[in-house]
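Please read the structure below before turning to the comments.
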Protein chains: 4
Amino acid sequence: MTHAAALPAIPGVRVVAVADPIEDAREAARWASGAARAYADPAEAIHDTEVDAVIVATPTPTHADLVEEAVHAGKAVFCEKPVAEDLARATALWKTVRASGVPFQIGFQRRFDPGYAEARRRIDAGEIGTIDQFRSVGRDPAPPPLSYLKVSGGIFFDQALHEFDLARFLVGEVSEVMVWGATRVAEEIGAMGDADTAVTMLRFQSGALGVIENSRRAVYGYDIRTEVFGSGGKLVVDATPKTPLLRYGEQGVSADHYTFFTDRFRDASHEEMRAFVASVRAGTPPSPGIDDALQAMKIAQAATLSFRRQRAVPVEEAS
Amino acid sequence: MTHAAALPAIPGVRVVAVADPIEDAREAARWASGAARAYADPAEAIHDTEVDAVIVATPTPTHADLVEEAVHAGKAVFCEKPVAEDLARATALWKTVRASGVPFQIGFQRRFDPGYAEARRRIDAGEIGTIDQFRSVGRDPAPPPLSYLKVSGGIFFDQALHEFDLARFLVGEVSEVMVWGATRVAEEIGAMGDADTAVTMLRFQSGALGVIENSRRAVYGYDIRTEVFGSGGKLVVDATPKTPLLRYGEQGVSADHYTFFTDRFRDASHEEMRAFVASVRAGTPPSPGIDDALQAMKIAQAATLSFRRQRAVPVEEAS
Amino acid sequence: MTHAAALPAIPGVRVVAVADPIEDAREAARWASGAARAYADPAEAIHDTEVDAVIVATPTPTHADLVEEAVHAGKAVFCEKPVAEDLARATALWKTVRASGVPFQIGFQRRFDPGYAEARRRIDAGEIGTIDQFRSVGRDPAPPPLSYLKVSGGIFFDQALHEFDLARFLVGEVSEVMVWGATRVAEEIGAMGDADTAVTMLRFQSGALGVIENSRRAVYGYDIRTEVFGSGGKLVVDATPKTPLLRYGEQGVSADHYTFFTDRFRDASHEEMRAFVASVRAGTPPSPGIDDALQAMKIAQAATLSFRRQRAVPVEEAS
Amino acid sequence: MTHAAALPAIPGVRVVAVADPIEDAREAARWASGAARAYADPAEAIHDTEVDAVIVATPTPTHADLVEEAVHAGKAVFCEKPVAEDLARATALWKTVRASGVPFQIGFQRRFDPGYAEARRRIDAGEIGTIDQFRSVGRDPAPPPLSYLKVSGGIFFDQALHEFDLARFLVGEVSEVMVWGATRVAEEIGAMGDADTAVTMLRFQSGALGVIENSRRAVYGYDIRTEVFGSGGKLVVDATPKTPLLRYGEQGVSADHYTFFTDRFRDASHEEMRAFVASVRAGTPPSPGIDDALQAMKIAQAATLSFRRQRAVPVEEAS
């Protein structure tokens, strides 16, 4: 729905068709996007002859099939993360996409946030010199439903994947991870063999070191912050407050906080669509692409192994 | 162009036509908006039979005529501020619009900024008690061209009008103003009988007191900040930084700053369009409306008189 | 008591004697300062032969007499602001102090706050170019007792005097003021012919313009903030929060606030003592001195006249 | 010197004697503190019959001997961290101090910083519920001289010890650590078998998880920040800027940063002295005491083992 509503604001873009098996959702998307047609079956939308590019924003287990369908139809495709439900499927898909030459973009939206994008530009410009340390925190306001968690692939594939991508985006390739996980939010999550709270150490190929903190619950909202520290200084991506309003009262000074990715990364979500459209139009490969989609999943796999085996795991062990 | 590009993202809205006497601008607007037709003459766009509502975003001296044209055609109309080039014309237009019953909205975009809108909600909720003091600063990054300044009506009609509207929006009706102006930025501005730097005291009908600071130049960007102080606390609308990124280096900690209304109030600009569309659809009067358009101009007129006569001027003297 | 407790930390300084007519207070000050002697009569302390310098921190109406006593005894003297209970007495004292050549420092402690002191250094270094606008807010947490207010000289001599000194310290001499006052906090204050809420416009000799906001009540604490705006940028002295701790909870992000000058300017209070001692030792004139003490009172007098007569008042009219 | 200069400001405290083998330093300390006597040999100062309490602020390898000397003389003793040059010596000293009943305080000054102290109070009050995660960063502006590093015991005993104490102070006992270290700042440090850059994972006895980042170099100054995250919210101790002054210029908004513990924890340093004096006077055990001194060293020992052996190390393994 976010993409459906935002796409029409991109000059030259028209939403031809939307697809959703649920009629109400389908009609809402059609209304929001001004689409000419609404299908129950996504394959029909993909094969609609007027469609040039496909946005896959469906439950994780359906991603790979839909991307393949689009690729086989020769349609440019954008897919929300993760690209597949597990590493094996992602690796197979990676081969398919690479072989096809079809433009592909993965939905690591944070790369398009003005804060993260500017951090990358300043790093590339050498502003903080050689990077020595990285820190990223990712906390969701509340755990998703257990039904969702069961097919999510676990905290490292579902939640920390964003932090793994940020590590690669801002610092470079990760060579090794070490994870400690815990059950602090909901017993049921632990009972599934998953963690709801985790800390991760990263060793980068460059020799830099990093830490990641994840939690499935933060009562104050959506807690996404990143620091990159180097020989020349430090960059901190920290968006506070959500609303540009400070309140002074008997209890001191206060401000509000972002509640979820829908408000924190709303602009980023629009920007990634614009970037996708611009790449497809220009005939240049979209970024982040299928390599980025796969590489983050390898780190997630290594993290999952580290959590289970209680030892450091090289990323290549997960390949 | 801002509105042309953003309107298509409002569900159910279609840009039927754009108008601009300059061909390149006209075609750019058509491309950005996906409009079916592009006219050189705005009257043709207004009278296009498919058009339900008109957005007037033209040079100030053309506002009143175009609003009248739309009103006579029975089309809902949104007009950028100020609604007319002087108070007399605004007063006449106010009568026309009121008599017509046509939906009208004035472009005081700051009311739709999340910070200002939330400040108003909290004031209405009694969070800061009885309001005692108001402070608003408005500084543009650089003065506009002299050619523009000559037809702008002066700093109080052109720039401070936004602060006058904020005073009314957040505190209530203004009964008296006192202004000191100066020429600090450009001699040519002073030579026109205008000021480029000003401080204004406000007395509200409620007995509250306020101050406004204006300047035509701020090397750090677009400086718009407002404080409302009352018996129960203080609210401060202060958007810093523009990008959610802090940089730590040998010179300390730094962040960027908004550069102009185009970035500071981009969201507000979209929100005012959504509000206009929603009002027209619902058949409820848009807000801020023609009364707000006129009342802010009365304060501007009083401020201009105070600047020239070097004494306090009741707003009703300007009516 | 603040000075009594802090003076012993200045190397080479010894508190010889304290004086207070109330025995308990006298003994508390002796304990805190390690003083050898405690007198009921301040004159005895002043004339104690071991005493080299005198700190006058007594009720305002006693300032001038005690300063004179110290000056006549040839003792260096530091006096809390205001230097006298009215302008006539201050002017007479100014002549006495100037004629004596005795080192004198007035207690405008904010000049020694790291924020204000650094602002002055940066202004002197030309960092913000030519100054165009000044803004200072001064709000106390709660009004003092009426018994105090009756001998305070009114809001401009008692409270705004600090803002007037900041205006001179950071921008330069003030040529004219215009005041609007109101009774918003306590009817009794208005009944005394005083204001508890005020806004003031300043015109500087340089042509710069300024505004000051004062209130006798702020539920969130001690609200002292200053902005200096010029052709090259802006400096903002804004100390938030008091404690370096941010709290994130269901209500958003919050921090505490300074409660009074005793916490906001504690370091400044120590620094002004160190500066006084250093000047006396070095034989250089302390700063701020008797000229600063008098000049701020002239602005306060002009502001009081402006409040009463409802018109702009040149500062020289108050001389 | 910091303590020597600050002690006289504590009511009732007199510096009887200072000791330093270097004459100039000794005389400077005598001047700053107003001490009656200055000794070359610290033992003479300890045994000075007028001395009630001893402050040990000497190079690390001398700490344990001097503490023992004071304890045997029955003098209350404050000692800067670490309490001894290695864990074995610290353990022996712990027994001596415990057996003696002499009041002892260890110099973990951060516990007295208003930010950290208030964080602890809020945690104790249950404000953030059950603690789930901890994060602390400690970066010095530049590495100390190699001569110092050689006797420092390494980064975990010398630098991270403060973070280990904060972990205990704010969360509770640590059961296990895992460290990755690197040489990023100076080859010579790596050549000594030490790290200049490190990340540490902590597992608390409560089940909470934590991360620590350390570096021997930060070009922007002294980077000490801590976060405690729980089921009810998050507390962040983050002191920015050092000076309450914001500068707005063509490059955006900027502020300064703390440069070292001497400015960041100046107040904390005074507060820990006041607390020590108050405890000694009241006859209550000072805090943090010898148990805290030892326990932090056990974590440092476990961290050092983890760094060398590249595996997780239980703290009890270090006992």
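A few points about this structure:
- With R₀ set to 45 Å, the beta-carbon distance separating A:THR240 from D:HIS72 gives a calculated FRET efficiency near 0.25.
- Relative contact order (%) - criterion: Cα under 8 Å, at least six apart; region: chain A: 19 percent
- Counted over all Cα-Cα pairs of the range B:163-291, pairs farther apart than 24 Å make up 51 percent.
- Shape analysis of the range C:263-304 places it in the oblate category; the axes a ≥ b ≥ c from the Cα gyration tensor give an a/c of at least 1.5, with a/b not above b/c.
- Cα centroid of the range B:266-315 to Cα centroid of the range A:233-253, whole Å: 30 Å
- Rounded to 10°, Cα long-axis angle of helix A:87-100 versus longest principal axis of chain A: 50 degrees
- Kirkwood-based shape ratio for the range C:74-164, expressed as Rg/Rh from alpha carbons: 1.03
- Rounded if a/c under 1.5, otherwise prolate or oblate - the range B:78-117, Cα gyration tensor axes: oblate
- Mean-position separation - Cα centroids, the range C:104-145 and the range A:1-61, in angstrom: 59 Å
- Cβ-based net charge around D:ALA278, under 15 Å, with every Lys or Arg adding one and every Asp or Glu removing one: 0
- Rounded to two decimals, the Cα-based Rg/Rh of the range A:129-188, with Kirkwood Rh, is 1.03.
- At 7 Å out from Cα toward Cβ: C:ARG281 inter-copy label distances (nm, ascending): 2.7, 7.1, 7.5
- Projecting label points 7 angstrom from Cα along Cα→Cβ for A:ARG309 and A:ALA282 puts them 4.2 nm apart.
- Applying a threshold of 32 Å to the alpha-carbon distances of B:LYS75/B:LYS298; C:LYS242/D:LYS298; C:LYS298/D:LYS242; B:LYS242/D:LYS242 flags C:LYS242/D:LYS298; C:LYS298/D:LYS242 as lying beyond it.
- For the range B:159-201, the relative contact order is 33 percent, taking Cα pairs closer than 8 Å that sit 6 or more residues apart in sequence and dividing their mean separation by the residue count.
- Angle between chain A longest axis and helix A:161-170 axis [Cα atoms, degrees, rounded to 10]: 80 degrees
- Buried accessible surface for the B/A chain pair comes to about 2500 Å², total over both chains, computed with a 1.4 Å probe.
- Rounded to the nearest 10 degrees, the inclination of helix A:63-72 to the longest alpha-carbon principal axis of chain A is 50 degrees.
- Highest average first, the peptides A:265-275, A:20-30 ordered by how many other beta carbon atoms sit within 10 Å of their residues are A:265-275, A:20-30.
- Across the identical copies, the 7 Å label point of B:ARG308, projected outward along Cα→Cβ, sits 3.5, 8.3, 8.7 nm from its counterparts, in ascending order.
- Counting DSSP beta bridges with both ends in the protein assembly as shown, the antiparallel % (nearest 5): 70 percent
- Inter-label distance, C:THR62 to B:ALA88: 6.8 nm, where each label sits 7 Å from its Cα along the C-beta direction.
- For the protein assembly as shown, fraction of C-alpha pairs farther apart than 44 Å, in %: 49 percent
- Out of every Cα-Cα pair that the range A:1-100 contains, those further apart than 20 angstrom amount to 36 percent.
- Judged by the mean number of other Cβ atoms found within 10 Å, the most tightly packed of the peptides D:249-260, C:165-176 leads the ranking C:165-176, D:249-260.
- Count Lys and Arg as plus one, Asp and Glu as minus one, and take only other residues whose Cβ is under 9 Å from that of B:ARG217; the net charge is then 0.
- Calculated from the alpha-carbon coordinates, chain D shows an Rg and a Dmax of 20.0, 64 Å respectively.
- The range C:228-319, relative contact order in percent, only Cα pairs under 8 angstrom and at least six apart counted: 13 percent
- Shielding by partners for peptide C:182-192, expressed as the average number of C-beta atoms from other protein chains within 10 Å of each residue's C-beta, is 2.
- Think of the axis that spins chain A onto D; the A residue whose C-beta lies nearest it, and the distance in whole Å, is A:VAL211, 2.
- Amide H within-cut-off set for A:SER175, under 5 Å, with H built and near neighbours excluded: A:ARG203, A:PHE204, A:GLN205
- Here the convex hull built on the C-alpha positions of the range A:222-296 has a volume of 166 cubic angstrom per residue.
- Mean partner shielding of peptide A:217-225, defined as the number of other chain Cβ atoms within 10 Å of each residue Cβ, is 5.
- Here the range D:193-256 is treated as an ellipsoid with the same Cα gyration tensor; its semi-axes, largest first and in whole Å, are 30, 20, 8.
- The Kirkwood radius of the range B:121-229, taken over pairs of alpha-carbon atoms, gives through the Stokes-Einstein law at 20 °C and 1.002 mPa s a diffusion coefficient of 147 µm² s⁻¹.
- Label 7 Å beyond Cα on the Cβ vector: A:THR130 copy-to-copy distances, nm: 4.4, 5.0, 6.6
- Cβ charges +1 (Lys, Arg) and -1 (Asp, Glu), total dipole of chain C, debye: 600 debye
- Helical runs (DSSP H, four residues minimum) scored at -39500 (n - 2.57) apiece and divided by the length of chain B put the mean residue ellipticity at 222 nm at -11000 deg cm²/dmol.
- The mean number of Cβ atoms from other chains found within 10 Å of a Cβ in peptide B:203-211 is 4, as a whole number.
- Accessible surface calculations at 1.4 Å, restricted to protein heavy atoms, place the range C:212-296 at 32 Å² per residue.
The values are calculated or read from the model by the stated rules, or taken from the named source; none is laboratory data. Predicted model only: the values in this text are computed from it and were never measured. Because the Cβ atoms are built from the backbone with ideal geometry, glycine has one as well, and the counts that use them run over all protein chains shown. Calculation scope for accessible area: heavy atoms of the full protein, side chains included, ligands and nucleic acids excluded. Shrake-Rupley method; radii C 1.70, N 1.55, O 1.52, S 1.80 Å.
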